[in-house]
1. With respect to ASN330, determine if the residue is among the polar types (S, T, N, Q), over 27 Å from SER457 (Cα atoms), out of contact with any Phe, Trp or Tyr (no Cβ under 6 Å at 6 or more places or on another chain) and modelled with pLDDT of 95 or more.
2. Filter the range 425-464 for residues that are within 22 Å of the chain's Cα centre (by Cα) and aliphatic (A, V, I, L, M); which is farthest from GLY74 (Cα to Cα)?
3. From the list ASN41, ASN36, exactly one residue is surrounded by 18 or more Cβ atoms within 10 Å (Cβ to Cβ), in a loop (DSSP other than H, G, I, E, B) and at pLDDT below 95. Which is it?
4. Sort out which residues of the range 366-385 are in a strand (DSSP E or B) and under 18 Å from LEU560 (Cα atoms), and write them in order of number.
5. Consider only pairs whose beta carbons are under 7 Å apart and that are at least six residues apart or on different chains; among these, list those whose first residue lies in the range 284-295 and is within 14 Å of TYR237 (Cα to Cα) and without any contact (Cβ under 8 Å) to a residue 60 or more places away in the chain and whose second residue is of a type in the set (Val, Ile, Thr) and crowded, with 20+ Cβ neighbours inside 10 Å.
6. If we keep just the residues of the range 321-365 that are without any contact (Cβ under 8 Å) to a residue 40 or more places away in the chain and not in a helix (DSSP H, G or I), which is most open to solvent (accessible area, probe 1.4 Å)?
7. Residue check, LEU289 against (1) closer than 25 Å to LYS180 by Cβ; (2) within 25 Å of the chain's Cα centre (by Cα), all met but one. Which one?
8. Output the qualifying pairs, or none if there are none: Cβ atoms under 7 angstrom, residues six or more apart or on different chains, first residue in the range 45-69 and closer than 17 Å to PRO486 by Cα and open to solvent by 70 Å² or more (accessible area, probe 1.4 Å), second residue among the small types (Gly, Ala, Ser) and modelled with pLDDT under 95.
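The values are calculated or read from the model by the stated rules, or taken from the named source; none is laboratory data. These numbers were taken from a predicted model, which means no experiment stands behind them. Counting neighbours? That spans all protein chains shown, and the Cβs are built from the backbone with ideal geometry, glycine included. To get the accessible areas, we keep the full protein, side chains included, count just its heavy atoms, and leave off ligands, DNA and RNA. Shrake-Rupley method; radii C 1.70, N 1.55, O 1.52, S 1.80 Å.
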Amino acid sequence: MPVTRSAIVNLSPHRMIGSVYSYLFRGKAPLPAARNFSTNNPLLDEGHAASYHPRLSSIFQLLDALAPRFMTKGSNIEILPGPKEFYSLLKQKIGTAKKRIFLSSLYVGDKQDELIQCLADAMEKNEDLKVSILTDALRGTREAPHKPCLALLLVTLVEKFGPHRADIRLYHTPHLSGFKKNWAPKRLNESFGLQHMKLYGLDDEIILSGANLSEDYFTDRQDRYYVFKDKRITEYYFKVHSAVSSLSYQLLTTKQPKGYQNFRLSWPTSNKSCEPDLNLHRFIGESSLLLEPLLKQHDLDSFEEFDNTEEADTIVYAVSQFTPLLPHTNDTSTEKPAILRLLSFLDSPRINWWFTAGYFNMLPQIQEKLLNGQATGTLITASMKANSFYKSSGASYYIPEAYLLIAKKFLEEIRKRGKDHLIKLFEWQNGVVNTPGGWSYHAKGIWISVPDEEEPSVTVVGSSNYTRRAYSLDLESNAVIITKDPDLKKRMKAEIDNLMTHANELTLEDFQPKVQELNAEPRVDAQGNTVVAPPLLAVDADRMISYRVHLGLKLLGDKL
């Protein structure tokens, strides 16, 4: 394996020597033997479990063996309706933070000067406040050194407060290096994997969302936003954030700026593994030793059970997908198995479920669970005019069309299996994206009711798009929420109703040719007969799918 060095990564001489020594002489780190990694969850009190619907008690048994469990109250969870409320709360919480702010996001918009200034003001006001930001290295340095980029914006915090108070980390997928990295265009190299978690921690509260930290996500891009006002839940996700940060590059200043690049990425000696470029096998082994216990269990000394079980009316399971950092023979990620176990309960038409994804390309196993079930289902996805790639330039122009093709194929499967009466697909549209007043759609999640109830008792919220990519290439973190709190159930249903406000049903008939209005006037032929032009049939422009999209989907569908 050749030793490579990225143009944006600065390795100190002693670090380079140590890493090469590790690669040449210490050999490969042993990967953990394949095993089922159980949790530390204490047994759920039978009386408390019985206070939930019997269907939920069955779900507890499956998830308890899979992921860390937290007992809380529905009143500790706030659901925000839209991007403006999300940004307003984020700025407010930053301004009042006392000890820590940790933000995990795919990216921060390179023009988010207001957000960065808000962080700087909070740090100036409170010398005890520390800020930790985790983003993606490929996305964060894509434009460097010729144009401004995310790293250029974030390094201003490091310059002002030092890396001990402003710890900025950029995760780089371990599976893109050497020849592949030099060959792949910058806009396409993200197809090898990204840091995709959205965890916004502010002291002892955390916001789980699918939203990134940029202007559209603060103004006119619909997503989901759950605020957990629970110290134990926040502390757990802080450990997740810190673990991935310790497997990432640190953003530092440089004395030799190049164009718009007055920063460097360094691999600290305090990181929990060697640098992946130098020894991928060892990196995966050490990453898995760090992440497996975090994924599957939590330290009971730090996370005691809810003080009064009788007061707890809501249970939260923390699930994540860290496949790129784990051995493929022993992937202990928890999100995918948790979702598949949840969806195995859709066995009765008395149950209602809702599924939404801005990018409609669900994992085949998830699709099978939805199509094979007997429950009543509603799916919401972005219309072409609510897709952020609508009318974009280059190859991305065809992305909205590709998702439309996937939706059409899904409708064909519904028809084929005779589930038209059970499952409905809706498109979300509020104006036309990238035009005045136009919104885009990025919400993703699942809601499930118990039998004979209209309001959901279960939801999944977080960063995942539920695609092949999410379960193989990216880092994701989510929460499964199960509640018996009537108020929280009402608020979860109100969240669905809010999304449905701008949703219209999509059917297979929408893809059929329709009679178009004709401007041609009737004419008289040589025999004096009035001739009326035949009706012109055509597919609506918003439903036309080109052959190149059919071909592209076959070749690159798992990257969407």
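1. On the way: among the polar types (S, T, N, Q): yes; over 27 Å from SER457 (Cα atoms): yes; out of contact with any Phe, Trp or Tyr (no Cβ under 6 Å at 6 or more places or on another chain): yes; modelled with pLDDT of 95 or more: no.
So ASN330 fails the test.
2. VAL433
3. Values: ASN36 fails: surrounded by 18 or more Cβ atoms within 10 Å (Cβ to Cβ).
From the options ASN41, ASN36, the qualifying one is ASN41.
4. First pass over the range 366-385, keeping only residues in a strand (DSSP E or B): 376-382.
The answer is ILE380, THR381, ALA382.
5. Correct list of pairs: LEU294/VAL240.
6. Among those that are without any contact (Cβ under 8 Å) to a residue 40 or more places away in the chain and not in a helix (DSSP H, G or I), it is HIS328.
7. (1)
8. Final answer for the pair search is ALA50/SER57.
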